[in-house]
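Bear in mind these aren't lab numbers, they're just calculated from the coordinates by the rules spelled out. Note that the coordinates shown come from a computational prediction; the quantities given were computed from them, not determined experimentally. All Cβ positions, glycine included, derive from the backbone under ideal geometry; neighbour counts span all protein chains shown.
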Amino acid sequence: MKLLIESAICDLRKAQEETLAAYDTITIQSALLITNPRARALLAKYPFTLQCAQTLDLEDDIQLNTINGPTTLTGQNTPNGKQFLIINGSLTVTPDAGDALRQYMGITLNGAAYCPTSLATVLASKSTINGKLYSYPDHAVVLRSATVLDRSFLCRAQSRLYWAAKRFIAVDPQLDGNALAATGARFSSQSAILSETLAKSLAPLFDEAAEITVVPDGTTVVQDDLELSGAARGRYGDGLYVAGDLTLSDDSLEVLNELEYLRVEGQVLLPGELADAFYDIPDVTCGELILLDGHPITSRSRVVADEALLDLYPDGVSLLNCAMVEIDPALEPSEILEQLYLSNCALVRCTAAQQGAVQAAGGAARIQLTDQAAEEAPDEDTQVFQCAQYVL
């Protein structure tokens, strides 16, 4: 009999020898493996195969407390007994949480941490943070990581320091910048995007560390990735600032022809047939420009890449932001390299022989090998446990 455990957390501290002795092999696939000295001795004695991202040694009397989702730790969150905290989501620590934070035996955080400057060292010493640690001034009002300053914000602005982890955005033509400055509000962040009209009154309100970008009046700021399709024409005006990546499709021509200003922080995926229109934008900058050959196919739930598709577009095909791409096993790796480009596709299914070509063609978030699925499936003699947390 074989044992396969697939879990986010696997706790071996209470493992019994009579249980382990019943299996010929024991495979643990886990993000976090909890052990103690006795468990480590059993790992050496029995036929374990471990595929774990992190191993943690904890005393037997330490209780695991797992929280899924965004969490705020305040002075009221004092742990009951000896606790180790696991958070799958972001963590915000308030300035009064010092005593509570120090009482935890440790923290594993799978997400970003927002912590007052006075407690940042304490949090770092207590935690394994699989994300970014942002520290904010203790007396600041903590807002969303990207906060928009508009006339609604003005209605409740006070003489306080406001902090955002990433940036402030102030391009609302209805915002009175002088009125906001008169409230005594001040701002702290990594960066700020200000329209030309608002920049003179608002720029002095930011600390010197903030990188300020001034954009033309009427610019629309998109805070994420954007696929610029013909259907979006009229929504953005003649100025566009994209904080993520920009994907252009074959029906983006009319939108490009309307733009007077375009700035993209990330990469631009540009079909070759739109190159002239892109370069004709009077004021255009981007992080990285990727010129695509062939016909773009974007945002499909499923695409089958086979000989028929490649015959339809002899100059090649670019598959962008597609949920699943199935590569016909009959396609040669050379055909994939010469005629396919992949970008931001969630899953690509292909054969082992095609895998290298798929990766060279742009890759995917996940590649599934269709000719190995049967081999990798557990046999009937395998006992399988799939769960969030497993105690052996």
Checklist outcome for this item: Note, the range 272-283: 3J(HN,Hα) by Karplus (6.51, -1.76, 1.60, θ = phi - 60°), whole Hz, Gly/Pro = x, goes x, 5, 9, 4, 4, 5, 5, 5, 7, 4, x, 10
Item to check | lysines whose Cα lies under 22 Å from that of Lys132, excluding same-chain neighbours fewer than 8 positions away | outcome: Lys166
Checklist outcome for this item: Distance in nm between Glu208 and Asp276 label points, each 7 Å along Cα→Cβ, equals 5.0 nm
Checklist outcome for this item: Rounded to one decimal in nm, the spacing of the 7 Å Cα→Cβ label points at Asp217 and Ile290 is 3.8 nm
Checklist outcome for this item: Extension length gain for Ala352 and Gln174 (0.36 nm per residue less Cα distance), in nm, is 58.4 nm
Checklist entry - Taking the mean number of other Cβ atoms within 10 Å as a proxy for protection, how do you rank 281-291, 8-18 from highest to lowest? => result 8-18, 281-291
Next on the checklist: For the range 155-249, which GluC sites (Glu not before Pro) pass both filters: DSSP loop (anything but H, G, I, E, B) and at most 12 other C-beta atoms within 10 Å?
Outcome noted: Glu208
Checklist outcome for this item: The long-range amide H neighbours of Glu326, using H built 1.01 Å from N in the peptide plane and a cut-off of under 5 Å, are Val303, Val304, Ala305, Arg349
Checklist entry - What's the FRET efficiency of Thr49 with Arg156 using the Cβ-Cβ distance as r and R₀ = 51 Å, to the nearest 0.05? => result 0.35
Checklist entry - Rounded to the nearest 0.05, what FRET efficiency do Lys14 and Ala181 have when you use their Cβ-Cβ distance and R0 = 56 Å? => result 0.35
Item to check | GNM result for the chain, Cα springs below 10 Å: residue of Thr19, Thr298, Thr72 fluctuating most strongly | outcome: Thr19
Item to check | Set of lysines near Lys45 by C-alpha distance (under 18 Å), chain-local residues within fewer than 8 positions excluded | outcome: Lys2, Lys14
Item to check | GNM flexibility winner over the chain from Ala39, Ala181, Ala21 (Cα, springs under 10 Å) | outcome: Ala21
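Calculate the FRET efficiency for Ala365 and Asp238 from the Cβ-Cβ distance with a Förster distance of 45 Å, rounded to the nearest 0.05.
Efficiency for this residue pair is about 0.85.
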Next on the checklist: Which of Leu101, Leu270, Leu42 ends up with the largest GNM mean-square fluctuation for the chain, with Cα atoms connected below 10 Å?
Outcome noted: Leu42
Item to check | Label-point gap, in nm, between Val384 and Glu338 - each point 7 angstrom along Cα→Cβ | outcome: 4.0 nm
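Find the percent of Cα-Cα distances in the chain that exceed 29 Å, and round it to a whole number.
Of all Cα-Cα pairs in the chain, 62 percent lie more than 29 Å apart.
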Checklist entry - So what J values fall out for the range 193-204 if you push phi through Karplus, 6.51 cos²θ - 1.76 cosθ + 1.60 with θ = phi - 60°, rounded to Hz, Gly and Pro as x? => result 10, 10, 6, 4, 5, 8, 4, 5, 8, 9, 3, x
Checklist entry - What are the residues whose amide H is under 5 Å from the amide H of Ser90, where those residues sit 5 or more places off or on another chain and H is modelled from the backbone? => result Thr71, Ala112
Item to check | From phi via Karplus (6.51, -1.76, 1.60), per-residue ³J(HN,Hα) for the range 36-46 in Hz, x at Gly/Pro | outcome: 9, x, 5, 5, 5, 5, 5, 4, 6, 8, 10
Checklist entry - Under a 5 Å amide H to amide H cut-off, with H placed in plane at 1.01 Å, what residues pair with Ile212 once short-range neighbours are removed? => result Ala192
Next on the checklist: Between the range 77-118 and the range 141-191, what is the separation of their alpha carbon centroids in Å?
Outcome noted: 28 Å
